[in-house]
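The values are calculated or read from the model by the stated rules, or taken from the named source; none is laboratory data. Since the structure is predicted, the reported quantities are computational estimates derived from the model, not experimental observations. Positions of Cβ are backbone-derived with ideal geometry, glycine not excepted, and every protein chain shown enters the neighbour counts.
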Amino acid sequence: MSEVKILAIESSCDETAAAVVADGRRVLSNIIYSQIDLHTIYGGVVPEIASRKHIEKINPVIEAALEESGCTLSDIDAVAVTYGPGLVGPLLVGVAEAKAIAFAAGLPLIGVHHIHGHICANYLENPELKPPFMSLVVSGGHTHLVNVSDYGTYEVLGRTRDDAAGEAFDKVARAIGLGYPGGPKIDAAAKRGDPEAIEFPKAKVGDSEYDFSFSGLKSAVLNYLNHAEMKGESVNPDDLAASFQKAVVDVLCEHAQTAVREYKVKDFALAGGVASNSALRKSMKEMCEKENVRFYCPSPVFCTDNAAMIGVAAYHEYIRGNFANWSLNAIPNLKM
């Protein structure tokens, strides 16, 4: 049986990405155009600017992905695209492009949930990984603890009630003058600081032991800065970054450890943009070693938004014959 090759498109936020993935595991190409430099001057992603840049870049990115893979559209078996969650304007650009290509080439169309893509990124470099396993997805807009019982079958055990972890990183980085994007800048500053310098609160959600809340932690950091300013005290940004990061990482690891014990899983996979954070990767790996659980985490290029992960998730939909019709639309608040 010949390989199933999927052309995948991702445009949910500020990366225009296209990839060709074979049999849900082998990346033939993975092209990413990042808009970070464009949005840095605004301190965050501006949806209208992101949408316009996606329109400008999406055709060249797809052409580059096909060229790098050595494929033409006649070699492709299906077209996949992220249709949510994300920013509605950027999502619409990707969905419209995927529908146009699929229609013109007579190919099946597959809509992919963005978070499913992040989880599936773990399959790319770990051929031995297969369900069941547990996954923690930590990104700018999402913090989900998920039980993966089968390919394409997900049970959300816990999610954030307010700010996602990545969102808190961005807001705290801005508050202490590190700028955007917050995640990498907090990570770098924390390596120079003392994580025990300041004790910040770790919120627990009373009616759900697996849900997360980071808005209180963010507020605690802002209050700390305000009090220091009122008293005329200096603040060490590296110590603050390290202490804040520790509070986030501790909560994520504690929730994951509780779930690993309760569900008696043997494999645990970290995913999402914040999975690139060095302290989180280290702490999760140590937790898994302590619990005698195999630990998986994608390389940083597959943690942040990319189309290869969308191609992997789409492959399992393709195998099940789960195709979208021409009414496929962007759903910015798509639930798992």
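Of the candidates 310, 319, the single residue that is in contact with a strand residue (DSSP E or B) (Cβ under 8 Å, 6 or more places away or on another chain) and β-branched (Val, Ile, Thr) is 310.
Does any residue of region 13-22 turn out to be surrounded by fewer than 17 Cβ atoms within 10 Å (Cβ to Cβ) and either under 16 Å from the mean Cα position of the chain (by Cα) or more than 23 Å from residue 179 (Cβ to Cβ) (or both)? So far as region 13-22 goes, no, none of its residues is surrounded by fewer than 17 Cβ atoms within 10 Å (Cβ to Cβ) and either under 16 Å from the mean Cα position of the chain (by Cα) or more than 23 Å from residue 179 (Cβ to Cβ) (or both). Of the residues 44, 24, the single one that is in the same structural domain as residue 103 (by TED's automatic domain parsing) and closer than 30 Å to residue 170 by Cα is 44. What residue, among those in region 73-120 that are in a helix (DSSP H, G or I) and without any contact (Cβ under 8 Å) to a residue 60 or more places away in the chain, is surrounded by the most Cβ atoms within 10 Å (Cβ to Cβ)? Once the filter is applied, the top-ranked residue is 102.
For every residue, the table says whether it meets (1) among the small types (Gly, Ala, Ser); (2) under 22 Å from residue 320 (Cβ atoms).
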| site | (1), (2) |
| --- | --- |
| 99 | no, yes |
| 104 | yes, no |
| 120 | no, yes |
| 125 | no, no |
| 129 | no, yes |
| 134 | no, no |
| 147 | no, yes |
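Yes or no, residue by residue, for (1) part of a helix (DSSP H, G or I); (2) surrounded by 20 or more Cβ atoms within 10 Å (Cβ to Cβ):
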| position | (1), (2) |
| --- | --- |
| 147 | no, no |
| 162 | no, no |
| 183 | yes, yes |
| 188 | yes, no |
| 193 | no, yes |
| 199 | no, no |
| 208 | no, no |
| 218 | yes, yes |
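Take residue 38 and decide whether it is buried (at least 19 other Cβ atoms within 10 Å of the Cβ) and either in the same structural domain as residue 103 (by TED's automatic domain parsing) or of a type in the set (S, T, N, Q) (or both). When the stated conditions are applied, residue 38 does not pass them.
Among the residues of region 1-33, just one is touching a residue at least 60 places away in the same chain (Cβ under 8 Å), in contact with a Ser or Thr (Cβ under 6 Å, 6 or more places away or on another chain) and of a type in the set (Ser, Thr, Tyr), namely 12. In contact (Cβ under 8 Å) with a residue 40 or more places away in the chain and either of a type in the set (Val, Ile, Thr) or in contact with a Ser or Thr (Cβ under 6 Å, 6 or more places away or on another chain) (or both) - does that describe any residue in region 278-296? Checking region 278-296: not a single residue is in contact (Cβ under 8 Å) with a residue 40 or more places away in the chain and either of a type in the set (Val, Ile, Thr) or in contact with a Ser or Thr (Cβ under 6 Å, 6 or more places away or on another chain) (or both). Of all the criteria given as (1) assigned to a helix (DSSP H, G or I); (2) surrounded by fewer than 18 Cβ atoms within 10 Å (Cβ to Cβ); (3) under 19 Å from the mean Cα position of the chain (by Cα), the one not satisfied by residue 49 is (3).
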